[in-house]
1. Can you tell me which residue among 57, 44 is surrounded by 21 or more Cβ atoms within 10 Å (Cβ to Cβ), β-branched (Val, Ile, Thr), under 24 Å from residue 235 (Cβ atoms) and out of contact with any Phe, Trp or Tyr (no Cβ under 6 Å at 6 or more places or on another chain)?
2. Can you pull out the residues in the stretch 35-54 that are part of a helix (DSSP H, G or I) and over 18 Å from residue 84 (Cα atoms)?
3. Kindly indicate which of 57, 31 is part of a helix (DSSP H, G or I), without any contact (Cβ under 8 Å) to a residue 60 or more places away in the chain and under 15 Å from the mean Cα position of the chain (by Cα).
4. Which count do you get for residues in the stretch 117-176 that are buried (at least 19 other Cβ atoms within 10 Å of the Cβ), among the hydroxyl-bearing types (Ser, Thr, Tyr), closer than 18 Å to residue 245 by Cβ and touching a helix residue (DSSP H, G or I) at 6+ places or on another chain (Cβ under 8 Å)?
5. Got at least one residue in the stretch 180-195 being surrounded by fewer than 18 Cβ atoms within 10 Å (Cβ to Cβ), more than 25 Å from residue 136 (Cα to Cα), in contact with a helix residue (DSSP H, G or I) (Cβ under 9 Å, 6 or more places away or on another chain) and not β-branched (Val, Ile, Thr)?
6. Has the stretch 12-27 got any residue that is of a type in the set (Lys, Arg) and either over 20 Å from residue 234 (Cβ atoms) or not in a helix (DSSP H, G or I) (or both)?
7. With the requirement that a residue be closer than 23 Å to residue 118 by Cβ and without any contact (Cβ under 8 Å) to a residue 12 or more places away in the chain, what does the stretch 169-200 give you?
8. Looking at (1) out of contact with any Phe, Trp or Tyr (no Cβ under 8 Å at 6 or more places or on another chain); (2) within 23 Å of residue 47 (Cβ to Cβ), can you tell me which one residue 148 breaks?
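A short reminder: the numbers here are calculations on the coordinates, not readings from a lab. Just so we're clear, the structure is a prediction, and the values are computed from it rather than from any experiment. Note: ideal-geometry Cβ built from the backbone for every residue, glycine included; neighbour counts use all protein chains shown.
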Amino acid sequence: MLNNFSMDFFSLKGKVAMVTGGNTGLGQAYVVALAKAGADLFIVTYDRDWDETKKLVEEQGRRAEFFQADLTDRVQITKTVEECMKVYGKIDILVNNAGTIRRAPLLEYKDEDWKAVMAINIDSVYYLSQDVAKIMVKQGSGKIINIASMLSFQGGKFVPPYTASKHAVAGITKAFANELACENIQINAIAPGYIKTANTAPIRADEKRNAEILGRIPAGKWAEPFDLMGAVVFLASKASDYVNGHILAVDGGWLVR
């Protein structure tokens, strides 16, 4: 039995992966990793800035299709799934990467900013996962990978809706896993630690805050988007078929200190 294990279990050849927000930052890293593992991509973006990502995927010999949509709109979410099915005829992997963050002190936080963050960070994750899960149930298999955060575990400061939404991402990951594991669908989440992206640029520019963060990370450094690529391939592959409802922290040890 043990000899049945193969490194091919990590291969995604013949698979179709939908990735939201896959044209920049960590989303682009997930896309390239999935392409390198053999998957074809359906990439959902808010804008049309996708030339670089398209080139990166095609350099791996894989196909990249792009679809522009506002994932805060329930109707557009449905159209997104329909378009992917029209193009590929199946969805094997869903990576709910699209997200946003707006910073302000709690006592000054605006209602519209709360609603905007929650709409993309958790509402779209729920609706898109629900729609795609219906397809995966019919297919008899599937992988849903949500993007959580260190603030799925902690409170943070100046980002109340981001913190609330990322706690909710962890919760919805577990809830979906409880209902869909019996359908051979695995739902897990990646919780990135402190990564060098555009979203974290203001923190890295603050010398005091940057020093505080580095002082807590056992690895002693910020991560690069590159450091998340192995995690997404693992959770998208057959190698993780008995991993379900798990929040995988890729944080250089931040949470254990």
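1. The conditions single out 57.
2. Filtering the stretch 35-54 for residues part of a helix (DSSP H, G or I) gives 35-36, 51-54.
Across the stretch 35-54, the qualifying residues are 36, 51, 52.
3. 31
4. 3
5. Within the stretch 180-195, the first condition is being surrounded by fewer than 18 Cβ atoms within 10 Å (Cβ to Cβ), and the residues that meet it are 181-184.
When the remaining residues are screened for being more than 25 Å from residue 136 (Cα to Cα), the result is none.
Scanning the stretch 180-195, I find no residue that is surrounded by fewer than 18 Cβ atoms within 10 Å (Cβ to Cβ), more than 25 Å from residue 136 (Cα to Cα), in contact with a helix residue (DSSP H, G or I) (Cβ under 9 Å, 6 or more places away or on another chain) and not β-branched (Val, Ile, Thr), so the answer is no.
6. Taking every residue of the stretch 12-27 in turn, at least one turns out to be of a type in the set (Lys, Arg) and either over 20 Å from residue 234 (Cβ atoms) or not in a helix (DSSP H, G or I) (or both).
7. Across the stretch 169-200, the qualifying residues are 171, 175, 179.
8. Of the numbered conditions (1) out of contact with any Phe, Trp or Tyr (no Cβ under 8 Å at 6 or more places or on another chain); (2) within 23 Å of residue 47 (Cβ to Cβ), the odd one out for residue 148 is (2).
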